[in-house]
1. Taking the range 63-87 as the search range and keeping residues that are among the aliphatic types (A, V, I, L, M) and assigned to a strand (DSSP E or B), which one is farthest from HIS14 (Cα to Cα)?
2. So the check is Cβ under 7 Å with 6+ separation or different chains; which pairs have a first residue in the range 68-87 that's basic (Lys, Arg) and a second one that's part of a loop (DSSP other than H, G, I, E, B) and surrounded by 13 or more Cβ atoms within 10 Å (Cβ to Cβ)?
3. Considering (1) open to solvent by 90 Å² or more (accessible area, probe 1.4 Å); (2) modelled with pLDDT of 95 or more, say which one LEU84 fails and leave the rest.
4. When both residues are 6+ apart or on different chains and their Cβ atoms are under 7 Å apart, which pairs have a first residue that lies in the range 51-65 and is closer than 10 Å to GLY3 by Cα and touching a residue at least 40 places away in the same chain (Cβ under 8 Å), and a second that is hydroxyl-bearing (Ser, Thr, Tyr) and open to solvent by less than 90 Å² (accessible area, probe 1.4 Å)?
5. Identify the residue in the range 1-41 that is among the polar types (S, T, N, Q) and closer than 17 Å to ARG68 by Cα and, among all such residues, is least open to solvent (accessible area, probe 1.4 Å).
Amino acid sequence: NIGLYCNQACAHCHVESSPRRTEHMAEAVADRCVSLLTDAPTVHTLDITGGAPELNPAFRRLVLAARRARPDLRIVDRCNLTVLQEP
């Protein structure tokens, strides 16, 4: 989970994400995650969730760095799809 900020506030959300939540993973933590993935060849999937992961400032950095470090890694973005319509 890279943060609780989301463009929606769904009653069924198990982490109570919403536009009012401000918690998010810092870039330094995202960098550490990539470092750990680099040294963990038995990890096959990076499953990114939130809130709306794409709204986290570190999202793109995390995905690009993980792909560079581990081209074999399966990367899953748990996107709510409505975020793709955000400006």
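1. Among residues in the range 63-87 that are among the aliphatic types (A, V, I, L, M) and assigned to a strand (DSSP E or B), the one farthest from HIS14 (Cα to Cα) is ILE75.
2. The qualifying pairs are ARG78/THR49.
3. Status for LEU84: all satisfied but (2).
4. If the second residue must be hydroxyl-bearing (Ser, Thr, Tyr) and open to solvent by less than 90 Å² (accessible area, probe 1.4 Å), the pairs left are GLY51/SER17.
5. In the first step, residues of the range 1-41 are kept if they are among the polar types (S, T, N, Q); the result is 1, 7-8, 17-18, 22, 35, 38.
Among the residues that remain, those that are also closer than 17 Å to ARG68 by Cα are: 35, 38.
On the way: SER35: 48, THR38: 71 Å².
This residue is SER35.
The values are calculated or read from the model by the stated rules, or taken from the named source; none is laboratory data. Small disclaimer: the values here were computed from a predicted structure and weren't measured. Ideal geometry is used to build each Cβ from the backbone, glycine not excepted, and the neighbour counts take in all protein chains shown. We work out accessible area using only protein heavy atoms, side chains counted, and drop any ligands, DNA or RNA first. Shrake-Rupley method; radii C 1.70, N 1.55, O 1.52, S 1.80 Å.
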